[in-house]
Protein chains: 4
Amino acid sequence: MVRVGIVGATGYGGAELIRLLAGHPHVQIANLYSSSAEGEAFDKSFPHVSGLGLPDLMPIDAQSMSEDNDVVFLATPAGVSAGLSPQLMELGKAKVIDLSGDFRLESAEAYRTWYKREPAPAQWVQKAAYGLTEWNREQVAGASLVANPGCYPTATLLALIPLTRSGWVKPGSWIVDAKSGVSGAGRGVNLGVHYSEINESIHAYKVSKHQHTPEIEQELARQSGVESFVQFTPHLVPMTRGILVTAYGQLETKVTQEQVQELLESTYADKPFVRIRPAGSQPRTKEVLGSNYCDIAAHVDERTGRIILLSVIDNMVKGAAGQAVQNMNVMFQFPEKAGLPLVPVFP
Amino acid sequence: MVRVGIVGATGYGGAELIRLLAGHPHVQIANLYSSSAEGEAFDKSFPHVSGLGLPDLMPIDAQSMSEDNDVVFLATPAGVSAGLSPQLMELGKAKVIDLSGDFRLESAEAYRTWYKREPAPAQWVQKAAYGLTEWNREQVAGASLVANPGCYPTATLLALIPLTRSGWVKPGSWIVDAKSGVSGAGRGVNLGVHYSEINESIHAYKVSKHQHTPEIEQELARQSGVESFVQFTPHLVPMTRGILVTAYGQLETKVTQEQVQELLESTYADKPFVRIRPAGSQPRTKEVLGSNYCDIAAHVDERTGRIILLSVIDNMVKGAAGQAVQNMNVMFQFPEKAGLPLVPVFP
Amino acid sequence: MVRVGIVGATGYGGAELIRLLAGHPHVQIANLYSSSAEGEAFDKSFPHVSGLGLPDLMPIDAQSMSEDNDVVFLATPAGVSAGLSPQLMELGKAKVIDLSGDFRLESAEAYRTWYKREPAPAQWVQKAAYGLTEWNREQVAGASLVANPGCYPTATLLALIPLTRSGWVKPGSWIVDAKSGVSGAGRGVNLGVHYSEINESIHAYKVSKHQHTPEIEQELARQSGVESFVQFTPHLVPMTRGILVTAYGQLETKVTQEQVQELLESTYADKPFVRIRPAGSQPRTKEVLGSNYCDIAAHVDERTGRIILLSVIDNMVKGAAGQAVQNMNVMFQFPEKAGLPLVPVFP
Amino acid sequence: MVRVGIVGATGYGGAELIRLLAGHPHVQIANLYSSSAEGEAFDKSFPHVSGLGLPDLMPIDAQSMSEDNDVVFLATPAGVSAGLSPQLMELGKAKVIDLSGDFRLESAEAYRTWYKREPAPAQWVQKAAYGLTEWNREQVAGASLVANPGCYPTATLLALIPLTRSGWVKPGSWIVDAKSGVSGAGRGVNLGVHYSEINESIHAYKVSKHQHTPEIEQELARQSGVESFVQFTPHLVPMTRGILVTAYGQLETKVTQEQVQELLESTYADKPFVRIRPAGSQPRTKEVLGSNYCDIAAHVDERTGRIILLSVIDNMVKGAAGQAVQNMNVMFQFPEKAGLPLVPVFP
């Protein structure tokens, strides 16, 4: 059994990792770490896991972390991993899967601009593998440090990469209008997640300013060889889980619905967690809730010459903890689906 | 007191008209009509209005309708008004405010294509005034038949018309990503409005096929003199009321946030129900709930050369019954704000 | 025009007072007070009221408050009014309507036990009128200081008083199982109002310990002449507004549904804001949302010998700001319905 | 591998069985049956399971059902199993687990009174084992036909049986105030599950008339030897999944919180799906969502002499499909937890 440690266990990302790893056939949850609640029983923070026999929360210490685990998941806010992961890498024992954005952006300048803080050391940023499993499996398999993708980039990239690579869509024309449930904002308390403010309402936030924008642009460029801007707008929806991305691209050439369908289906034919939905589908976030699926549908609008892509994930699973487990499976040569629920919770 | 009749009173649009008109200082709710529940007490369908002393439901009959009312609101499904309104017009007494789409599209061909049914007689379609009050006040003031705008077109057009007229935005570049609460789907029962299917989920619907698309294109063309396509995608959000429109336009020229702000503020300076929010605002649907406001914010993205417009309304009020009352106020020379709540219900 | 001041204007209770008073024909919102946001424009906290021309927020000062207002509403947390209201009373000019619990409990001991803090000065507690308008109108009419009832006591007492006075129900047998929306918890931020924690969930809180328990017991005793315990359990429901009280009483004698119906209907025949629903009704909180109504239905269960009462209010209106305005109307001899919306917002 | 058939697969109960059984290590989903959608692919009704390779829907036929399955789950409306299960029993091959109420009530008279239809043949009702696994394991282990308990009775009985058996609570004093999510109403469409009617609202339904009342009374009597009435009131809460039962009992004797805690903990010490929460807990339905747990907390109110029990389940899991799988595990001597998720989906 591989020994797993989770840092930031008292946040939602950490709790979701526990849900998935507790049922994983090849791992043992060996250690839980928290800077805010050390020494406490984990189910004091999260009564839903009482009775599972989880270890108590421990303080964060790189040395013991490295010794006591085969792999460490960092489910921590931006900035923590930038300091901690290099220490773990230098100690050289435990592998690291980082769920934060600290190792995703190759450009230090971009990190400073969008995250408003200092980036992680460049040498380790360069060694990190970007963990969009379906497109980066080889790098992930050989990596000691994986930068797990952001929730929005995951839903966006899985839909946009095939079309961008095809050359059918005008570079720079992508407009990504994304809608997310509230759990993506984490467990911290502020007026922005107050029930009475969020319920029965929808709004856009961080218009033109969201830090997932450069991550999407970087990976689209890497996969297609063409640099271009992506217009990205996130919205907060009165639901707990789920992301829907509605993306609009200008077609450079006349393509049919059938061609697009064929492209997507062949691209993901052997990928167990991407489901290309039939022509005409309009997938709902609820149809992937609790699972590691990304469901994608394409609509060619012949009238306007555009393609509209719809992509749904559970932001806590494929958008965070699930993809992290999928990457661990690849890194340790477990079956890719190990420990990942196959059927969404519906309704 | 002006005598008011409401047809389709047992739907949500009818019920909302009653909420607003019951508190209107210059009208009397004289008659309620329903094809499905004639003879019944209205509060049997809607217990929330019990004790208001409303008239019982009557069968639909053009002759008596025309005689017993000064103005008739039609809150009926597509197709009903196409038959009934011409009869009322020929009888020549009661004015008509039609909340359906039957008299909004000038092109019979467009109506057939998008509504999949036969249009109303062309002579009456031509005489109908399109009731986007802020942009069509004069026509509305003199009209006997008003085509009250659709909910999506209202939120979209109030935001897009000033920018489209300015010439700053490339024709044909508008992409309108709209999000609506469920009440817009009406009170009819089907799996598409089943609580367990809608709750904790979001999805797009009628992608490239929604009948409000030609209405938006027609009015943008009329106000700007330039015909062009608009890409329109509606989404269903797990909330009862509210529409948020996020619209993206490609700038043809370099304009600043200040110029856009100034344009919008001056355009709507004397319009009591349009509020231009300060630069940087990201309005929430909840901030207009229950009121007749349309709140608009603009974001110029210098990096991508685009403008993003955010526009929120309560689909039942400014998107339906409230704008209908506003149009009645103009038609009967009442103060424009008469009977319309000034403060949204928050939280 | 009566000049009104509102203290604690940046909470939900204050905002709701503004919604109601902004449309009130006989008052002017003269002053808004806040200890946390003085000097700021009110719509910085609450964009939904932008454009209303409200006064900026002022610091709390008893002297100027007393001089500049005819009546002051205190929408403040427990403990504030205990200090401020006696000052205002001694200054002797402005009347006070206190929405907190500071002047509701006659027993200082009970206040200490349930509120865990020191009570207000006994002399002023004795002079305060308990503002359950329907049962205390005369006292309210002559009062300078009104203790506006709690949200749960309002919904509970309006249902239970008639049955308790009738002698049909065994003293001490009342079990009150109450369900509330989240807005009752106020605008402060904590994990207990975090969207992701509340959504898609229901739970009981303060079981056997809620401070509204002695308020209910005190008023039932006052109205019926018999002291007894009430079992009270509040629950938090994933909705913003609304309270449903389900109350169970053991019948001492055989009474019929008709007798109960007749008792309730005659008791409230001339009360504009209490609606007795027909036998068999199961009222929904949504049917009073945004309005000052309390809707009540009774079910006699012959099999078990119990009566079940259902009572719904909007906790922000009849449970707080609406009843406060109703009390102001009585104190200033305005029509009781002045400024209070007659039709709930449905759906 | 045990071959499993599911009847009524296109309802929510059927879909939830598929979620659980698809991940079960010892069974194979061999056949899906539906009277309304035969011949169709299952994922046409439920896109969330696309890609699982499920069998197409087949017509309901007792003969082939019996031959092609080792066990058949009936997730059908009341009345269907009454006819079908006896046929399957007579054919004598496949075991049956019935999720409907048809075989739960021993008294034919009670079934007629509360279900308003004719009961199943008495001989088979007598042979059916009531599948409250924790209290009836031996009978379930030897049964060919299991009557899976109702959702409300499951949450209620697991909490009430130990206290009722203890003799500490006055017979006939139990008042059960239950709150349920909407999925319990099934997938059929009607105004009672319309999103706009349910959202932002709570209401009681079937007051004194719900068919789970006699089921609760029967099993309490069986386990305690004392017949008595239970007052049961269900409520509909704006959430999809979850049941909270708040139960009130009059104590006959003075017992302490510690005694109650000890009683509950020892009763369920070896039961993997019942978690007794620490004294003072107020469990939330969300803390068991998606899992087979029933979490119970007790509150002794010394002031009033009552005990308040709080019990939460996921109505689709422990309240239906999960308990059915648990019963199957017992019937086929699989480990009791096989195929049942151990960690709730939170948040």
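Rule-based calculations on the coordinates, nothing more; no lab input. The shown structure was predicted, so the numbers you read here are calculated from the model rather than taken from an experiment. Note: ideal-geometry Cβ built from the backbone for every residue, glycine included; neighbour counts use all protein chains shown.
Here are the numbers:
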item	result
Region A:102-203 pair-distance distribution - Cα-Cα, 5 Å bins, rounded %	2, 10, 14, 15, 19, 18, 12, 7, 3, 0
DSSP beta bridge pairing in the protein assembly as shown, given as percent antiparallel to the nearest 5	45
Per-residue ³J(HN,Hα) for region C:279-292, Karplus 6.51 cos²θ - 1.76 cosθ + 1.60, θ = phi - 60°, Hz, x for Gly and Pro	3, x, 6, 9, x, 10, 4, 4, 7, 10, 4, x, 10, 9
Residue of chain D whose Cβ sits closest to the axis mapping D onto C, with distance in whole Å	D:177, 2
For region C:299-347, size of Cβ-based charge dipole, Lys and Arg +1, Asp and Glu -1, in debye	20
Ranked C:68, B:177, criterion: other C-beta atoms within 10 Å, fewest first	C:68, B:177
Likely footprinting exposure, D:66, D:183, B:208, fewest C-beta neighbours within 10 Å first	B:208, D:66, D:183
Rounded tilt (10° steps) of D:80-91 against the dominant C-alpha axis of chain D	60
Set of lysines near residue D:95 by C-alpha distance (under 22 Å), chain-local residues within fewer than 8 positions excluded	D:127, D:318, D:337
Mean projection area, nm², convex hull over Cα of chain B	16.9
Folded to 0 to 90 degrees: helix B:151-166 orientation relative to chain B principal axis, Cα	40
Partner aspartates and glutamates for residue A:206 [C-alpha distance under 16 Å; skip if fewer than 8 residues away on the same chain]	A:177, A:215, B:301, B:302
Net charge of Cβ neighbours under 9 Å - reference residue D:293; Lys, Arg +1; Asp, Glu -1	-1
Copies compared at residue C:265 - label distances in nm, ascending, label defined 7 Å from Cα in the Cβ direction	5.6, 5.9, 6.6
Centre separation in Å (Cα based) which lies between region C:101-139 and region B:255-293	45
Antiparallel content of DSSP bridges confined to region B:135-283, in %, to 5	60
Per-copy distances of the residue B:117 label point, shortest first, in nm (7 angstrom along Cα→Cβ)	3.6, 5.7, 6.0
Sorted by Cβ density within 10 Å, fewest first, the residues A:215, B:217, C:38	C:38, B:217, A:215
Selected from A:70, A:61, A:102 as most flexible by GNM, with chain A as the system and alpha-carbon contacts under 10 Å	A:61
Interchain or long-range residues, amide H under 5 Å from residue C:131's placed H	C:147, C:148
Under Karplus coefficients 6.51, -1.76 and 1.60, residue-wise ³J(HN,Hα) of region A:193-210 in Hz, glycine/proline x	10, 5, 3, 5, 8, 9, 4, 6, 7, 9, 8, 7, 9, 6, 4, 6, 10, 6
Value of [θ]222 nm, deg cm²/dmol, for chain A, DSSP H segments ≥ 4, -39500 (n - 2.57) each, nearest 500	-9000 deg cm²/dmol
Cα pair distances exceeding 63 angstrom across the protein assembly as shown, given as percent	10
Alpha-carbon centroid distance for the pair region C:21-59 / region D:151-181, whole angstrom	50
Region A:115-130 - phi-based ³J(HN,Hα) in whole Hz, Karplus 6.51/-1.76/1.60, Gly and Pro as x	9, 6, 7, 6, x, 5, x, 4, 4, 7, 4, 5, 7, 5, 9, 6
Under 17 Å from the residue B:208 label point (7 Å along Cα→beta-carbon), backbone N, region A:225-261	A:246-261
Charge tally in the Cβ shell below 14 Å around residue C:177, where Lys, Arg are +1 and Asp, Glu are -1, residue C:177 excluded	+3
Distribution of pairwise C-alpha distances over region B:2-127, 5 Å bins, in %	2, 11, 22, 22, 18, 13, 7, 4, 1, 0
Among C:293, C:205, C:248: highest mean-square fluctuation, GNM of chain C, C-alpha pairs under 10 Å	C:205
Highest-MSF residue in chain B out of B:189, B:146, B:80 [GNM, Cα springs under 10 Å]	B:189
Peptide C:206-213, shielding by other chains (average Cβ, 10 Å cutoff)	3
